[in-house]
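First comes the structure, then the notes that go with it.
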Amino acid sequence: MSARTVADHRGLDFEEPLLFEQGAPKRSGVDLPQKKDGETRLGGLERQGEIGLPGLSEPQVVRHFTRLSQKNFGIDSGFYPLGSCTMKHNPRLNEKMARLPGFANLHPLQPTGTVQGALALMDALADWLKMLTGLPAVAMSPAAGAQGELCGMMAIRAALVERGDKRRRVLVPESAHGTNPATAAALGYQVDPVPGDARGRIDVNAFREKLGDDVAAVMLTNPNTCGLFEDAILEVADAIHGIGGFLYADGANFNAIVGRVRPVDLGIDCMHINLHKTFSTPHGGGGPGSGPVVLSKELAPYAPYPFLVHGDQGFRLVEGPEPGQSAAGAKPFGRLKAFHGQMGMFVRALTYMMSHGGDGLRRVAEDSVLSANYLLASLKADLSAPFDGPCMHEALFDDRTFRAHGITTLDFAKALIDEGFHPMTIYFPLVVHGALLMEPTESESVDGLDHFIGTVKRLLEKLKSGDVAHFQEAPSLTPRRRLDETQAARNPVLRWRPPGQAPKA
Amino acid sequence: MRYLPLTDEDRQKMLATIGVASVDDLFIDVPETARLSRPLDLPDHAGEMEVGRAIASLAAQNVDAGSVPSFLGAGLYRHFVPATVDYLIQRGEFLTAYTPYQPEISQGTLQTLFEFQTQVALLTGMEVANASMYDGATSTAEAVLMAQRITRRSRAVLSGGLHPHYRDVVQTLAIDSDIAVLPPKMEGGEDVGAFLDADTACVVVQNPDFFGNIRDLSEISAACKAAGALLVVVVTESLSLGAIQSPGEMGADIVAAEGQSFGNGLNFGGPTVGLLATQDRFLRQMPGRLCGQTVDVDGRRGWVLTLSTREQHIRREKATSNICTNSGLCALAFAVHVALLGEEGLRRLALINHEKAVALAGKLADLPGVAVLTSAFFNEFTIRLPSSAAAAVDDLAARHVLAGVPLSRLYPETPEFANALLVAVTEMTEESDMDALVDGLREVLA
Amino acid sequence: MSGLRYTKEHEWLRVEGDVATIGITAYAQEKLGDIVFVELPEPGKTVVKGGEAAVVESVKAASEIYAPVGGEIVEVNGELEADPAIVNADPIGKGWFLKLRLADPGECDTLMDDAAYQDYLKELA
């Protein structure tokens, strides 16, 4: 490995060491008052020895993280058509509102009378979610989409337990996101996968054959992970309800139908919503998210603690069992996280909803579906689309074209990186070979879409001309090129250690 | 609508390319009965100014803990976050990036996660940490599930000193498990070892506990080892790790903690950042994302998400957990704040917290009828008043002092706790705040 | 019985006396990619035919290995812990996973022989 320049930096692409490689003893990036060295009451359990943290000044810390940020691709950087993730624009007004001291500095256990504005905001957000979905109740506390799934399925399980109805199976389409079967299995259900049909939808006949009195629920995503609307959903809903089971919906793809279709009208009993997808709260490099769950009247009583009630003293959160609670119809299945939920994301999401309004949100669905179909129509002559259109908010292709010319989906994605795009989702859903799932969202201009389409077409021409190496060696222009994931897994190095310090065996 | 770039001309052009007359034609798969022909009864779009005013007016209805003397803790702490933290985490490349599945263009996120994992391992005194969980409570539940997988036993013993929300979350998420919950004791010091048996997967002990008590866990650790059970140590105030012996030093097998104290404000309880750390031999049973070091094709050091085969997107129903997101941006905020503090700053900050707490405890102990129940503590302790703590807190709130968390808020069914108040002190507590609390209490108790 | 036997899930089996050695085939290791970890059962454990015997992980996938025949596990290949890459390099030889004492030697007869497995591979291609 040779240095690329004298200093080994390349213009604005810096080689930035770890914090631990830049520290000096006694240095700090904060100024604190002197400690008094007075009486301590630590019970003789003072920490002896060093923690081992490096000391850096403020300018060093700023430069370190600034340089690291410059190695990242965000929505702010460019087109990010990651299917199923809804990488839409993250407005900064959301950030400003979340940081208002009247929200940011609230402790969750303050006297209720001092936090009425916060509770009113949670209530307002809940109202928007109920209005948009048509379901009468919403559990606000789940910390993320996967926790929302757990919440919905736990409500279903609680309802069945109360009925005295022991059901063992949950039906999940093969195309489902991995969290769906993981959630069902975590609750002790046997996961029974249902295949898709030739049109990319759930195979309704196979579904009917698998139905039985022991099926607790079917977990559907609609639109599904192939980007297609499950047009037999009313039939599926009737069938599952007919045997006394429930229809759980994974709301990851709500962006396609928000304001144009209400989940209640599809026969859905509960659905989690990803505020960090449909409602623009930032992805933050992997979180935090927020996954409120809308619930039918039958499932509403099982919503976990805490839940909001409105009395003559104003809003109040019910945080645990209270006398008279079950008489009033509340039978929470438990608690999913400490305190009240992802309030910071509630502020952001409500700010976004109010900015778009009902009319704007309807436009969001229309523009996201329009943009995905534009990609599908523009690229289906060049790439292989396994299912006929129209699609919803995301367009699915498979790797037939690539295999015919000696590369993989991965190679093509890496070539897109050099062209200044974040690749689409690859190898998901599993039901299609070498899948490419493109979700442009409503945030992209038509010029931006055309630029992407043109780039894909020119790359394919390059491929067809025989330049396989270009793809297999891509990316070549990024701060790091392809990384050895095998080595990372075979010999896990998950933290820095001082040189010479071997990990304990 | 400022977030929507497409114009009507653009839409027409796109429809023409697709070959349909209107966008309604793209929704033909939606059953007719489910199609909404008109917009829902919701307000129309609004500009920044109007939205800002509406949201700000909701914020204005709250009494924020920054504007009055505040002594609330109970698992979430008001610490000073340096200005730098917020500016760095709002850089668009951090804020608007997704999970680093394309590592070549995510080295920013990945390197910061590696640094975060190292910081957490160092602070907790453990060998390895993951890239964060949702919060301390879910982290604790996952630690219990992890211990069950490792020991192939079912029973978990939860100390009476465990935060009640954490206890509730463990009971909710550890489905079909045998969870023994020991009764809460304000003075701490329960004999957890007496509850170990051959079916115990783990013992869960919080240190400092919910009431503030610090104890030496080495005895419990030895008892666990003898019984073949794992010791899970919970830390809700991670700044305490700068002042007291680490859980690793005390013999913890798994550490589940709340990282909110570094870099993350109160935010009415969320989002926060859960920490999970363990020893290398338990690595494969640890849930959540992990960032690992490797090299690229040019031999340059870089980072990737690794050991993904434990996770839902590969194992599906056999995953170690259904967790997908971590708490990325909150973990970054933690990492930046800890980087700014450094060894010196973090230790000094911890001691400043403790010294102020000791000072306040002394002043409160001098009040007639008030007893400080916690002998060894970090920055939070329990006091007993001569009358209802909840009533005192309400009276003091009316006098613009947020006096702490009455235990009855989290233990409504425990009459012995009715007069007890949990008081937290941090570096942000000023002399005048302490005087306001002491004088205020003196008045309301008279 | 001479030669190896194979399953449709791409496991191979070699019988010596009443002990069978089991591993995965060259086809399987190629499909999985670089093997990063192998989770082996405890010696002494009994598995039934078709029961889960081991898990093999590559970077992108984790696959259950099902016991082609039932029996008691007598030995597992400790080398794979330190160097899972052996499975890729020598899947039929040094990359063996486990040995078990056959509960019912008759179960081997239903497995494919070498010619049948090669035909099966041709069908898959």
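The values are calculated or read from the model by the stated rules, or taken from the named source; none is laboratory data. Being a predicted model, the structure only gives us computed values, none of them experimental. Methodologically, a virtual Cβ is constructed for each residue, glycine included, from the backbone with ideal geometry; neighbour enumeration extends over all protein chains shown. When the accessible area is computed, the model is the full protein with side chains, heavy atoms only, and any ligands, DNA or RNA have been set aside. Shrake-Rupley method; radii C 1.70, N 1.55, O 1.52, S 1.80 Å.
For segment A:245-328, report the % of Cα-Cα distances exceeding 18 Å. Working shown, then result.
Working: 1967 of 3486 pairs.
It works out to 56 percent of all Cα pairs.
Along the principal axes of its C-alpha atoms, what lengths does segment C:4-124 span, in descending order and rounded to whole Å?
Sorted from largest, the Cα extents of segment C:4-124 read 36, 36, 21 Å.
Which of the GluC sites (Glu not before Pro) found in segment A:1-64 are in a DSSP loop and have at most 10 neighbouring Cβ atoms, other than their own, within 10 Å? Mind dumping the intermediate values first?
Numbers: sites: A:Glu15, A:Glu21, A:Glu39, A:Glu46, A:Glu50; in loops: A:Glu15, A:Glu39, A:Glu50.
Here the sparse-neighbourhood loop sites are A:Glu39, A:Glu50.
Percent of Cα-Cα pairs more than 19 Å apart in segment B:343-444, please. Kindly include the intermediate steps, with their values, before the conclusion.
Numbers: 2099 of 5151 pairs.
That tail contains 41 percent of the Cα-Cα pairs.
Taking the dipole about the Cα centre of segment B:1-101, with the C-beta of Lys and Arg at +1 and of Asp and Glu at -1, give me whichever of B:Ala54, B:Thr17, B:Tyr3 is farthest to the positive side.
B:Ala54
About its Cα centre, what dipole magnitude does the protein assembly as shown give when the only charges are +1 on Lys and Arg Cβ and -1 on Asp and Glu Cβ, stated in debye to the nearest 20? Mind dumping the intermediate values first?
Numbers: 96 positive and 136 negative charges, 178 e Å.
Dipole about the Cα centre, nearest 20: 860 debye.
Given the protein assembly as shown, what percent of its DSSP beta bridges are antiparallel, to the nearest 5?
Details: 75 of 109 bridges.
Taking every DSSP beta bridge within the protein assembly as shown, about 70 percent pair in antiparallel fashion.
Over chain B, give the accessible area per residue in Å² for a 1.4 Å probe, as an integer.
31
State which entries of A:Lys88/A:Lys130; A:Lys88/A:Lys464; A:Lys464/C:Lys122 exceed 27 angstrom in Cα-Cα distance in the structure shown. Mind showing how you got there, number by number?
Working: A:Lys88/A:Lys130 22 Å; A:Lys88/A:Lys464 33 Å; A:Lys464/C:Lys122 29 Å.
Among A:Lys88/A:Lys130; A:Lys88/A:Lys464; A:Lys464/C:Lys122, the Cα-Cα distance tops 27 Å for A:Lys88/A:Lys464; A:Lys464/C:Lys122.
Just read off the accessible area of A:Asp76 with the full protein assembly in place, 1.4 Å probe, to the nearest 10 Å².
That residue has around 70 Å² of solvent-accessible surface.
Packing-wise, with mean Cβ within 10 Å as the measure, how do C:116-124, C:62-70 rank, highest first? Working shown, then result.
Values: C:116-124: 11.7, C:62-70: 20.8.
In descending order of packing, they fall as C:62-70, C:116-124.
Considering the options A:Pro440, A:Phe346, A:Phe412, tell which one lies farthest towards the positive end of the dipole of segment A:330-459, charges being +1 on Lys and Arg and -1 on Asp and Glu at the Cβ, about the Cα centre.
Comparing the listed Cα positions along the dipole, A:Phe346 ranks first.
Taking the Cα centroid of segment A:278-339 and of segment A:448-463, what is the distance between the two, rounded to the nearest whole Å?
Cα centroid of segment A:278-339 versus Cα centroid of segment A:448-463: 47 Å apart.
Quick one: Kirkwood hydrodynamic radius for chain A, alpha-carbon pairs, angstrom, one decimal? Please report the intermediate quantities before stating the final value.
Numbers: mean 1/r = 0.0390 Å⁻¹.
After inverting the pairwise mean of 1/r, the radius is 25.7 Å.
Quick check: with the 1.4 Å probe, what order do B:Phe210, A:Phe73 take by accessible area, largest first? Don't jump to the answer; show the numbers that get you there.
Working: B:Phe210 5, A:Phe73 25 Å².
Most to least solvent-accessible, the answer reads A:Phe73, B:Phe210.
At 24 Å minimum axial length over the Cα atoms and a Kyte-Doolittle cut of -1.0, report the qualifying DSSP H helices in chain A, or say none.
Numbers: long enough: A:116-133 (25 Å, 0.76); A:145-163 (27 Å, 0.48); A:343-379 (41 Å, 0.38); A:446-464 (27 Å, -0.03).
Membrane-span-like by this rule: A:116-133, A:145-163, A:343-379, A:446-464.
Principal axis extents for segment A:184-327, Cα atoms only, whole Å, descending order, please.
That gives 56, 39, 30 Å along the principal axes, largest extent first.
Rounded to the nearest 20 Debye, what is the dipole magnitude of chain A about its Cα centre when Lys and Arg each give +1 and Asp and Glu each give -1 at the C-beta?
Details: 52 positive and 57 negative charges, 279 e Å.
The calculated dipole for chain A is roughly 1340 debye.
Roughly how many whole Å is it from the C-alpha centroid of segment B:175-240 to that of segment C:13-41?
That distance is 42 Å.
Taking the full set of protein chains and a 1.4 angstrom probe, give the accessible area of A:Ser57 in square angstrom, rounded to the nearest 10.
30
Would you work out which of B:Phe210, B:Gly263, B:Cys224 lies farthest towards the positive end of the dipole of segment B:83-338, given +1 charges on the beta-carbon of Lys and Arg and -1 on that of Asp and Glu, about the Cα centre?
Ranked along the dipole, the leading option is B:Cys224.
Debye sum, Cα scatterers, the protein assembly as shown, no solvent: what log₁₀ I/I(0) at q = 0.04, 0.09 1/Å?
-0.20, -1.07
So what's segment B:83-338 giving for Cα Rg divided by 2.2 N^0.38 Å, two decimals?
Details: Rg = 17.9 Å, N = 256, 2.2 N^0.38 = 18.1 Å.
Taking N as the residue count of segment B:83-338, the ratio is 0.99.
In terms of solvent-accessible area of protein heavy atoms at a 1.4 angstrom probe, what is the ranking of A:Glu58, A:Glu444, B:Glu187, B:Glu9, highest value first? Please list the in-between numbers first.
Values: A:Glu58 90, A:Glu444 40, B:Glu187 115, B:Glu9 140 Å².
Ranked from most to least accessible, the order is B:Glu9, B:Glu187, A:Glu58, A:Glu444.
Might you work out the accessible area of A:Ser28 for me, using a 1.4 Å probe with all protein chains in place, and round it to the nearest 10 Å²?
Using a 1.4 Å probe on the heavy atoms, I get roughly 40 Å².
How well do other chains shield peptide A:74-87, expressed as the mean number of their Cβ atoms within 10 Å of each residue Cβ? Before the final figure, lay out the partial values.
On the way: counts 12, 6, 7, 5, 1, 0, 3, 0, 4, 0, 0, 3, 0, 3.
Mean partner-chain Cβ count within 10 Å for A:74-87: 3.
What does the structure give for A:119-131 when I average, per residue, the other chain Cβ atoms found within 10 Å of the residue Cβ? Intermediate results must be reported in sequence, preceding the final value.
Working: counts 4, 4, 7, 2, 0, 3, 0, 0, 1, 3, 0, 0, 3.
Partner-chain Cβ atoms within 10 Å, mean over residues of A:119-131: 2.
With everything on Cα atoms, drop me the angle between helix B:431-445 and the longest principal axis of chain B, reported from 0 to 90° to the nearest 10.
So the helix axis and the longest Cα principal axis differ by about 70 degrees.
Calculate the all-directions average of the projected area of segment B:143-224's alpha-carbon convex hull, and give it in nm². Before the final figure, lay out each step's value.
Details: hull surface 19.7 nm².
Quarter of the Cα hull surface area: 4.9 nm².
Could you order A:His241, A:His64, A:His451 by accessible surface area, starting with the largest, using a probe radius of 1.4 Å?
On the way: A:His241 75, A:His64 0, A:His451 110 Å².
Ranking A:His241, A:His64, A:His451 by accessible area, largest first, yields A:His451, A:His241, A:His64.
Take the Cα pairs of chain B, get the Kirkwood Rh, then feed it into Stokes-Einstein at 25 °C and 0.890 mPa s and tell me D in µm²/s.
Numbers: Rh = 24.3 Å.
It diffuses with D of about 101 µm²/s by this estimate.
In degrees from 0 to 90, rounded to the nearest 10, what is the angle of the helix B:328-365 Cα long axis to the longest principal axis of chain B?
For helix B:328-365, the angle is close to 20 degrees.
To check you understand DSSP bridge types, tell me what percent of the beta bridges within chain B (both residues inside) are antiparallel, rounded to 5. Please report the intermediate quantities before stating the final value.
Numbers: 22 of 39 bridges.
DSSP beta bridges in chain B are roughly 55 percent antiparallel.
Below 13 angstrom from the Cβ of B:Asp8, what's the summed charge of the other residues (Lys, Arg +1; Asp, Glu -1)?
Details: positive: A:Arg363, B:Arg11, B:Lys13; negative: A:Glu366, A:Asp367, B:Glu9, B:Asp10.
Charge balance in the 13 Å sphere: -1.
Under a Cβ-only charge scheme (Lys and Arg +1, Asp and Glu -1), can you give me the dipole magnitude of segment B:385-446 about the Cα centre, in debye to the nearest 20?
On the way: 3 positive and 11 negative charges, 50 e Å.
Computed charge dipole of segment B:385-446: roughly 240 debye.
Report the accessible surface area buried between chains B and A, summing both sides, using a 1.4 Å probe on protein heavy atoms only, in Å² rounded to the nearest 100.
On the way: alone 22920 and 25890 Å², together 31520 Å².
In total, chains B and A hide about 17300 Å² from solvent.
I need two numbers for segment A:304-384: Rg to one decimal and Dmax as a whole number, Cα atoms only, in Å.
For segment A:304-384, the Cα radius of gyration and maximum Cα-Cα distance read 21.5, 66 Å.
Using the Kirkwood radius built from alpha carbon pairs, what does the Stokes-Einstein equation give as D for segment B:76-115 at 37 °C and 0.692 mPa s, in µm² per second?
On the way: Rh = 11.7 Å.
Answer, rounded: 281 µm²/s.
Which residues belonging to segment A:462-490 lose at least 30 Å² of 1.4 Å-probe accessible area when the assembly is complete, relative to their chain isolated?
A:Arg480, A:Arg481, A:Arg482, A:Leu483, A:Asp484, A:Glu485, A:Thr486, A:Gln487, A:Ala488, A:Ala489, A:Arg490
Counting only protein heavy atoms and using a 1.4 Å probe, what share of the accessible area of the protein assembly as shown belongs to carbon plus sulfur, as a whole percent?
Working: 18550 of 37030 Å².
Answer for the protein assembly as shown: carbon and sulfur cover 50 percent of the accessible area.
May I ask for the Rg/Rh ratio of segment B:12-117, computed from Cα atoms with Rh as the Kirkwood radius, given to two decimals?
On the way: Rg = 23.5 Å, Rh = 20.6 Å.
Ratio of gyration radius to Kirkwood radius: 1.14.
Trypsin sites (Lys or Arg not before Pro), restricted to segment A:454-505: which are DSSP loop and have at most 12 other Cβ atoms within 10 Å?
Numbers: sites: A:Lys457, A:Arg458, A:Lys462, A:Lys464, A:Arg480, A:Arg481, A:Arg482, A:Arg490, A:Arg495, A:Lys504; in loops: A:Arg480, A:Arg481, A:Arg482, A:Arg495, A:Lys504.
Passing sites in segment A:454-505 are A:Lys504.
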